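Asks: Let me give you the structure first, and then I'll get to my questions.
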Amino acid sequence: MIVRLLLILMMITTCAGAQMTVSYPEGRTPPSTAAPRPAAPASSSLPHADELKPVRSLAEVGITDPFRLIKADDLVQKAMYAGAFPGCRVFAARNGKVFYDRAFGTLTYEQAGAAPPRPVSLNTVYDLASITKVVSTTLAVMRLYEEGKISLDKRLGDYLPMTVGTDKEMLPLRALLLHQAGLKAWIPFYRAFYDSTGALLDTAYRRKPDERYSIEVAQNLYLRKDYRDTVWQTILNSPLENAGRYVYSDLDFYFLAAVVEKVTGKPLHRYVTEQFYVPMGLRMIGYQPLQFIRKELIAPTEHDLTFRGQLLQGHVHDPGAALFGGVAGHAGVFATAGDVAAIYQMLLNEGHYRGKVYFRPETVRQFTAYNSPISRRGLGFDKPSPEAYDGGPVDGRCSGYTFGHQGFTGTCAWADPKTGVVFVFLSNRVYPNQENGVINRMSTRTTVQGALYEALGIPEDTSRPAVKRLQLPK
């Protein structure tokens, strides 16, 4: 056991110290009124770092039980053995010091007669699914809010003429960020583009692009560009069936992305790339990854037999986002764990990273705080359950100041201002079929996070109810 512990610690230190040497792929160039301040968390005992750097010794981050790092390894291995996912990337830092950065397994499962599957590496890029809501749309909304270009209490009709005269006109942006606007939970848009036999409509799709069929939804599959209007009309005609309730809905972020694009005059992907990814030096994050990342670095998601009839690798898994060419407010961003962690570290630093300021501290605190009396949500961010003995989507050691999001493809990313911990877990649990729910039945993301918190000597946190009472707008 002692030998195993020494080997594991050497591997962890080596991984944490590995530096990404990738540069911009050839040909890629960068696309050319404060609210009341929520109470600040009691900070961790170590100062936050301006950027993520590898730890030189585990003692730097306060590791009190190195055996718990082995426990994290074992939890991942057990999940892979149970078929939860073929591989994953787990990343953890405290106060900017990366103490755990491991790549497990492979991008796909072994198949008889096929070449051995490619191993997961520190450069593996994953489909983030709903983490997109945080690392794209919410960042954009925060920037526009801080600049005074939008108000959270203004209505959709103030920004989007297409909503005027519909029951969506009066929906406030704040309600959309909280998933309390009353929208339907989900609309399977893609089903409207089938004929009676279940085949894709010839009038909707082509195998080669042209001026009319220009929205790439998958490899060699292009949607007619005016069908995007059909999607919007479906949303606008959908009933407000959840008024006054918290119902998690991607539709909220369809509208928020549209507001960002209307106010900035730029496509969402270009705006967030210009405003955040490029200035932060993040090279392996973005929409439509096949335009700047080699395909073999991207983990495949589902063999989509329902809609696109192919294995998806580099095209967004979410079918609604696919109908928008892979650029949407709720899904579409692909990234490495390191680039996701950098964004979360910037937010943990209350808006600064590598000597640059992206937000004012009060903006970060406002958006990442509990903001609803009827749910656990922040503004665009998910948060722990405000229960003393149940962290909900996070481990019970996470404080009530924690913020982040999970993703349908088997991902999550969380930052905890009280402890200084950033935790990122990326997998392709939907490969080869999205019905695979083993990762949730085993609570793999949460238990791995818990093992890393244990290694840091962080106890259960029962103060989440008090934090919510403190943070809720008066």
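The values are calculated or read from the model by the stated rules, or taken from the named source; none is laboratory data. Bear in mind the structure is a predicted one, so any value in this text is a computation, not a measurement. When we count neighbours, we look across all protein chains shown, and the Cβ atoms used for this are built from the backbone with ideal geometry, even at glycine.
Asks: So, in segment 330-381, of the ones that are assigned to a loop (DSSP other than H, G, I, E, B), aliphatic (A, V, I, L, M) and within 22 Å of residue 257 (Cα to Cα), which residue ends up farthest from the chain's Cα centre (by Cα)? Reasoning before the result, please.
Replies: So in segment 330-381, the residues assigned to a loop (DSSP other than H, G, I, E, B) come out as 330-333, 336, 349-351, 354-355, 358-360, 369-381.
Narrowing further to those that are aliphatic (A, V, I, L, M): 331, 333, 369, 374, 379.
Then drop every residue that is not within 22 Å of residue 257 (Cα to Cα), which leaves 331, 333, 369, 379.
Working: 331: 8, 333: 8, 369: 18, 379: 15 Å.
Selected residue: 369.
Asks: Restrict the check to segment 451-466 and report whether at least one residue is in contact with a Leu (Cβ under 9 Å, 6 or more places away or on another chain), farther than 20 Å from residue 302 by Cβ and among the acidic types (Asp, Glu).
Replies: no
Asks: Pairs only if they're at least six apart or on different chains, beta carbon under 9 angstrom, first in segment 88-109 and surrounded by fewer than 24 Cβ atoms within 10 Å (Cβ to Cβ) and modelled with pLDDT of 95 or more, second among the polar types (S, T, N, Q) and assigned to a strand (DSSP E or B); list them, first residue then second.
Replies: Matching pairs, first to second residue: 104/427; 105/427.
Asks: Another question, then. Which count do you get for residues in segment 151-187 that are in contact with a strand residue (DSSP E or B) (Cβ under 9 Å, 6 or more places away or on another chain), among the aliphatic types (A, V, I, L, M) and buried (at least 21 other Cβ atoms within 10 Å of the Cβ)?
Replies: Within segment 151-187, residues that are in contact with a strand residue (DSSP E or B) (Cβ under 9 Å, 6 or more places away or on another chain), among the aliphatic types (A, V, I, L, M) and buried (at least 21 other Cβ atoms within 10 Å of the Cβ) number 4.
Asks: Now a separate question. Yes or no: segment 189-201 includes at least one residue that is touching a Gly at 6+ places or on another chain (Cβ under 9 Å) and closer than 30 Å to residue 243 by Cβ. First the steps, then the outcome.
Replies: First, the residues of segment 189-201 that are touching a Gly at 6+ places or on another chain (Cβ under 9 Å): 189-190, 200.
From what is left, the residues that are closer than 30 Å to residue 243 by Cβ are 189-190.
Scanning segment 189-201, I find at least one residue that is touching a Gly at 6+ places or on another chain (Cβ under 9 Å) and closer than 30 Å to residue 243 by Cβ, so the answer is yes.
Asks: Continuing with this model, one more query. If residue 327 passes every condition in (1) of a type in the set (Val, Ile, Thr); (2) in a loop (DSSP other than H, G, I, E, B); (3) over 19 Å from the mean Cα position of the chain (by Cα) but one, which one does it miss?
Replies: (3)
Asks: Which residues, taken from segment 208-231, are buried (at least 17 other Cβ atoms within 10 Å of the Cβ) and out of contact with any Asp or Glu (no Cβ under 9 Å at 6 or more places or on another chain)? Give the derivation first.
Replies: If we filter segment 208-231 for residues that are buried (at least 17 other Cβ atoms within 10 Å of the Cβ), which is where we start, we get 213, 215-218, 221-224, 227, 231.
Matches in segment 208-231: 213, 215, 216, 217, 221, 224, 227, 231.
Asks: Which number in (1) surrounded by 24 or more Cβ atoms within 10 Å (Cβ to Cβ); (2) under 17 Å from residue 93 (Cβ atoms) marks the one condition that residue 457 misses?
Replies: (1)
Asks: Inside segment 417-474, counting only helices (runs of 4 or more DSSP H) that do not spill past its ends, which hold 1 or more residues that are modelled with pLDDT of 95 or more, under 27 Å from residue 339 (Cβ atoms) and basic (Lys, Arg)?
Replies: Here the list reads 444-455.
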